[in-house]
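The values are calculated or read from the model by the stated rules, or taken from the named source; none is laboratory data. On a predicted model such as this, the values are computed, not experimentally measured, just so you know. Every residue, glycine as well, gets a Cβ built from its backbone with ideal geometry; the counts of neighbours run over all protein chains shown. Note: areas computed on protein heavy atoms with side chains; ligands, DNA, RNA excluded. Shrake-Rupley method; radii C 1.70, N 1.55, O 1.52, S 1.80 Å.
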Amino acid sequence: MTGDKDDWAAWIGRTETVAETMGPTPALALNATLDHEPVDARPGMPLPPLWHWLYFLPRHRQSEIGPDGHARRGGFLPPVPLPRRMWAGSQFEFRSPVRIGDAVERTSTIEDITSKSGRTGELVFVKVRHELRCNGVADPALVEFHDIVYRPLKQPGEAELAPRRPDGQAQWRREIVPDDVLLFRYSALTFNGHRIHYDRRYVTEVEGYPGLVVHGPLIATLLMDLLRRQWPQADVASFRFRAVRPTFDGHPFQVCGAPAADGRSVQLWAQDHDGWLTMDATAALR
C-alpha cells in the first residue's frame, strides 16, 4: 500500500506561490504550433483559455530529474511511490482576462489526496488548486483545479476501457496528426520532460504503451482551440475536461464539438482513430 489520506496529511493544505510576467514569446510559439496565422501579441492582448499553461513552468535542476523525466518525488507534491503520474483532468473558472504583459502571481494549494483501489491496482489522486492574480488585484482572474493520478506500471494485456461516442453527434470536427514534431514542440513549450511524450524506447519498453503518449493538456488546448475556430466570439466562463483513455501517435485523432441548443454551453470531446472516446469536456459560456 502507498497509504491513504491520513498518510498524506502533511501535504494537504501545502501552498507555493510563483510570479511571472506574461511575455509574448510563448503565446506566439503556441499560435504557430496550433497552425494559426501569425498575430501581433502586444501588451494587453488577452490570452486564449488554457494558454496560461505556457507560463509558471517548472525549473528543476537537471540533477533533480527522475528516471521518467519528471522531477523526483517530494517537494511541493507528495512523494507517491507509484511509477506512472498522469494528468487526469481539470476544472476552470475564467473570471477575468489574463493578458500579455500582466504581472501574475500563481498560488497553488494541495486540496486533497485520496487513495483508491481500481481494476489495475492502487491509485492515488492528488487535487491541486491554482489561483492566478493579475497586477496585484486580490481577486483571482483564473481558478483551476488540477487532478493528478498516480498509477502502477501498465501490465501486459491490460486494456484501456472507454465508451464509444455515437457517430454523427458532432457538429464540428477537426483531424489532428500527432506526429513527433507536434509532441516535441508542445513538450518544449511547456518545459515538460516526461519521457512518455518523446522517448519511444522508454514509453514502449518501460511504461508498456504502444507509442508516444499525446499530452492531455495539448488535447484539452486543441478542444478549446476548436471552439475558438468555430465560434470566435464565444466568452468562456468555465471549462472542465476529463481524460478517459490515452491517445498515441501513429494515427490521426479527432477533436469534436456540439453546441447546446440554448447556446449556453458546448460539449467537446476527442476520439481516436478507432472512434474511442479519449477526452470528454464541457465549456460553459457567459
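Here are the numbers for this structure:
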{"item": "Unique residue being modelled with pLDDT of 95 or more, of a type outside the set (S, T, N, Q), outside any strand (DSSP E or B) and surrounded by 15 or more Cβ atoms within 10 Å (Cβ to Cβ) when the list is 138, 27, 32", "result": "27"}
{"item": "Matching option when the condition is hydrophobic (A, V, I, L, M, F, W, C) and crowded, with 19+ Cβ neighbours inside 10 Å, among 65, 113", "result": "113"}
{"item": "Among (1) within 21 Å of residue 183 (Cα to Cα); (2) out of contact with any strand residue (DSSP E or B) (no Cβ under 7 Å at 6 or more places or on another chain); (3) surrounded by fewer than 18 Cβ atoms within 10 Å (Cβ to Cβ), the one test that residue 198 misses", "result": "(3)"}
{"item": "Top-ranked residue of region 80-105 - restricted to ones that are open to solvent by less than 50 Å² (accessible area, probe 1.4 Å) and polar (S, T, N, Q), ranked as nearest to residue 245 (Cα to Cα)", "result": "90"}
{"item": "Residues within region 87-112 that are closer than 23 Å to residue 67 by Cβ and either touching a Lys or Arg at 6+ places or on another chain (Cβ under 7 Å) or among the small types (Gly, Ala, Ser) (or both), tallied", "result": "1"}
{"item": "Matching option when the condition is more than 30 Å from residue 96 (Cβ to Cβ) and not hydroxyl-bearing (Ser, Thr, Tyr), among 214, 266", "result": "214"}
{"item": "Residue 77 being free of Cβ contacts under 8 Å to residues at least 24 places away in the same chain and surrounded by 15 or more Cβ atoms within 10 Å (Cβ to Cβ)", "result": "no"}
{"item": "Residue within region 230-244 that is within 16 Å of residue 30 (Cβ to Cβ) and surrounded by 17 or more Cβ atoms within 10 Å (Cβ to Cβ) present", "result": "no"}
{"item": "Residue within region 217-224 that is at pLDDT 95 or above, open to solvent by less than 10 Å² (accessible area, probe 1.4 Å), under 27 Å from residue 145 (Cβ atoms) and more than 13 Å from the chain's Cα centre (by Cα) present", "result": "no"}
{"item": "Residue identified as touching a Ser or Thr at 6+ places or on another chain (Cβ under 7 Å) and part of a loop (DSSP other than H, G, I, E, B) among 48, 58, 81, 38", "result": "81"}
{"item": "Any hit, region 272-283, residues being among the acidic types (Asp, Glu) and open to solvent by 50 Å² or more (accessible area, probe 1.4 Å)", "result": "yes"}
